[in-house]
Amino acid sequence: MGKKLGFVINLDRCLGCQSCEVACKQENTVKVGIRWRRVANILEEVNGKPFEYFLSIACNHCENPVCLENCPSAAYEKTPEGVVIHNKDRCIGCRLCTMACPYGSPQYNKEEGRVEKCDFCIDRIKAGLKPACVQTCPVEVLTVEDMETFSSQDTVNAVEGFPDPSITNPSVRFKLPRMPETEVGNWDKPLLDKGE
Amino acid sequence: MKIKELPLIIFTLMIELAAGIFISLLIYQALTLNRDAEIYRNVSIVVVLLTVGGLFVSLFHLGKPFSAYRAFYGLKNNSPLSWEVLTTFIFLIFTFIYSSELFRSIQLESNTYYFGVLTGIIGLVAILISGRVYMLKSRPSWFTFVTPLSFLMTSIVSGPIFIVVFLLYSGRKFDDLNLLGFFGLTSIFLLAGLIIESLMIYYHMKILNADGKEAKLTGKEIMESGMFKIRIVIGILLPLILGIIMLLAAQMKSIGTTVNLAYIIFISILIGEFLSRAIFYSFSRQMDVGVLEGM
């Protein structure tokens, strides 16, 4: 297995159906109110017109994980696969990681008094399977790649609505959505195809 | 706006007050050359109690308070929070030893005084590390030099005035010229501290308005809040005005006025610092994925 696993997210394909959210909740028995993976609506303005797309985000398993660096009880560790996992048994529920993470990944479970977050379905990965969110997505928005070897020419590491990646060097890449370039009412003029 | 993280507000305030009082005590000794162990013993007991109380209150912030001992495990990863807990404990141990030494003699020994200086330095380090915990890039309003400085200023503005109030409360004679001189000096410390705090607030708002969307929104919400306005009036303006009057009263040796003002100033400082810390924890906007609500 690679040393720096991460998600590549194809924003052009995402329908916002939230199947990935549901799959994650089901796989990990995530309680109501907590979302290890969540789909955010991003609204931009392109050529003076509103443009919306969906951004499915979970933990980014960063190269410089601020959760791990700040945790006072050493509840976080990084696996050889580059996955940042959280050990619930060591967590004291101080919530400093929830304050430190710019992506909202660690979330506090009030009932249990502990934090929890996406673990990349590391058990599934070790069994040769894909994470639940990746497996479930009907339009293959999410893929798992080894960021050490992944060729990222047509991807970017940040998009509108995504915090500055230089803070933690997240292991995530985005394929940008195609932007509308037609004039209003000019339906004969096709969209400029910037896809595959 | 609801006050968030109340245990952390009380914890940080108690520790900073404890450190400020202790350092002020050392300054008091250096300026007055008073070697009566009773004063130092009584004040250091207050410092120990404040530190113990602060650490106890901090447990209420945790989801698993009975596992709080694990807060030292993060030292291997250099967790600032682990260092905060460690330095606070070391400060507690040192102040305990210092106060214990004072039970053994009626006069402050030189060795004990120097041990006290070391303890004061540890207290100072504990405050700065406490501020460092919150230097998080994900919270732009916290990621400025103002954060550790504001923690330090709580100690500076509250410590000296506490010593004055404590001396008054414990029935110290205040017809002594040295004590009146101390009132005047305390006023100067207080005024300097409040002016620095005012400048700090001004520059912080300026930094926030010049920064990204989270910082701008934080600054806007703070400025519009009632909590902030009350903090400025009760925590800055009132003690500033009363501090000037106290300085003048001390110079004119008007004992009664000086005494009454000291008590009022102390209470207003405590309220002001509480509100300042409440604003710090309650209004900070964090980075997140998606469109920022309110922008």
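Sum -39500 (n - 2.57) across every DSSP H segment of at least 4 residues in chain B, then divide by the residue count to get the 222 nm mean residue ellipticity, nearest 500.
Computed ellipticity for chain B at 222 nm equals -25000 deg cm²/dmol.
Counting each pair of different Cα atoms once, what's the Kirkwood radius of the stretch B:5-61 in Å, rounded to one decimal?
Working: mean 1/r = 0.0835 Å⁻¹.
Kirkwood radius, the stretch B:5-61: 12.0 Å.
Taken over the protein assembly as shown, the alpha-carbon convex hull comes to 156 cubic angstrom per residue. Which angle between 0 and 90 degrees, to the nearest 10, do you get for helix B:213-224 versus the longest principal axis of chain B when only C-alpha atoms count? With both axes taken from Cα atoms, the answer is about 50 degrees. Of the residues B:Ser99, B:Ser187, B:Ser254, the one that moves most in a GNM of chain B with alpha-carbon contacts below 10 Å is B:Ser254.
Computed over Cα pairs, the Kirkwood radius of the stretch B:1-132 leads via Stokes-Einstein (0.692 mPa s, 37 °C) to a diffusion coefficient of 213 µm² per second. Under a Gaussian network description of chain B, with springs only between Cα atoms under 10 Å, the residue in B:Gly123, B:Gly193, B:Gly181 that fluctuates furthest is B:Gly181.
Calculation over all alpha carbon pairs of chain A in 5 angstrom steps from 0 returns a P(r) of 1, 7, 15, 19, 20, 16, 9, 6, 4, 2, 1, 0, 0 percent.
Remark on chain B: hydrodynamic radius 20.1 angstrom, per the Kirkwood mean of 1/r across alpha carbon pairs. Rounded to the nearest 10 degrees, the inclination of helix A:19-28 to the longest alpha-carbon principal axis of chain A is 10 degrees.
Taken over the alpha carbons of the stretch B:127-240 as equal point scatterers, the Debye sum produces base-10 log I(q)/I(0) values at 0.14, 0.23 Å⁻¹ of -0.68, -1.29.
List the relative contact order of the stretch A:41-166 as a percent without decimals, with contacts defined as Cα pairs under 8 Å and 6+ residues apart. It comes to 17 percent, rounded to a whole number.
Note the per residue figure in Å³ for the convex hull of the C-alpha positions in the stretch B:72-117. Working shown, then result.
Working: hull volume 3.1 nm³, N = 46.
It comes to 68 Å³ per residue, whole-number rounded.
For chain A, the Cys residues with no second cysteine's beta carbon closer than 4.7 Å are A:Cys14, A:Cys17, A:Cys24, A:Cys62, A:Cys71, A:Cys91, A:Cys94, A:Cys101, A:Cys121, A:Cys137.
Helix B:37-58 against the longest principal axis of chain B: what's the angle in degrees, Cα atoms only, rounded to the nearest 10? Computed tilt is about 20 degrees.
In this rough spin-label picture, where each label sits 7 Å from Cα along the Cβ direction, the B:Ile93-A:Arg124 distance is 4.8 nm.
An ellipsoid equivalent to the stretch B:194-295, defined through the eigenvalues of its Cα gyration tensor, has semi-axes of 36, 12, 8 Å when rounded to whole angstrom and sorted largest first. Taking every C-alpha pair closer than 8 Å and separated by at least 6 residues, the mean separation divided by the residue count of chain B gives a relative contact order of 24 percent.
For the modelled label position 7 Å from the Cα of B:Leu75 along Cα-to-Cβ, which residues of the stretch B:6-20 have backbone nitrogen atoms closer than 11 Å? Once the point is set 7 Å along Cα→Cβ of B:Leu75, nothing inside the stretch B:6-20 turns out to lie under 11 Å by backbone N. Computed over the stretch B:124-266, relative contact order equals 28 percent, with contacts defined as Cα pairs under 8 Å that lie 6+ residues apart. Counting 0.36 nm for each residue step from B:Ile264 to B:Ile244 and taking away their Cα separation leaves a gain of 5.9 nm. Between B:Leu86, B:Leu50, B:Leu25, the Gaussian network model of chain B with springs among Cα atoms under 10 angstrom shows the greatest mean-square fluctuation at B:Leu86.
Along its first, second and third principal axes, ordered by size, the stretch A:106-151 spans 40, 27, 21 Å in Cα coordinates.
For the stretch B:132-242, what is the charge dipole size about the Cα centre, in debye to the nearest 20, if Lys and Arg each add +1 at the Cβ and Asp and Glu each add -1 at the Cβ? Show your work: numbers first, answer last.
Values: 11 positive and 7 negative charges, 73 e Å.
So the magnitude is around 360 debye.
Direction-averaged projected area, Cα convex hull, the stretch B:89-189: 8.4 nm², rounded to one decimal.
Magnitude of the charge dipole for the protein assembly as shown, about its Cα centre and with charges confined to Cβ atoms of Lys, Arg (+1) and Asp, Glu (-1), is about 940 debye.
Under the simplified labelling scheme, the B:Ile230-B:Val125 pair shows an inter-label distance of 3.8 nm, with each label point 7 Å from Cα along Cα→Cβ.
In the stretch A:64-146, how does Rg compare with the Kirkwood Rh, expressed as the Rg/Rh ratio over alpha carbon atoms? It would help to have the intermediate numbers written out before the result.
Numbers: Rg = 13.8 Å, Rh = 13.8 Å.
The Rg/Rh ratio comes out at 1.00.
Only the coordinates and a few stated rules stand behind these numbers; no lab work does. Quick caveat: nothing in here was measured; it's all calculated off a predicted structure. Here Cβ is always computed from backbone atoms with ideal geometry, including for glycine, and neighbour counts include all displayed protein chains.
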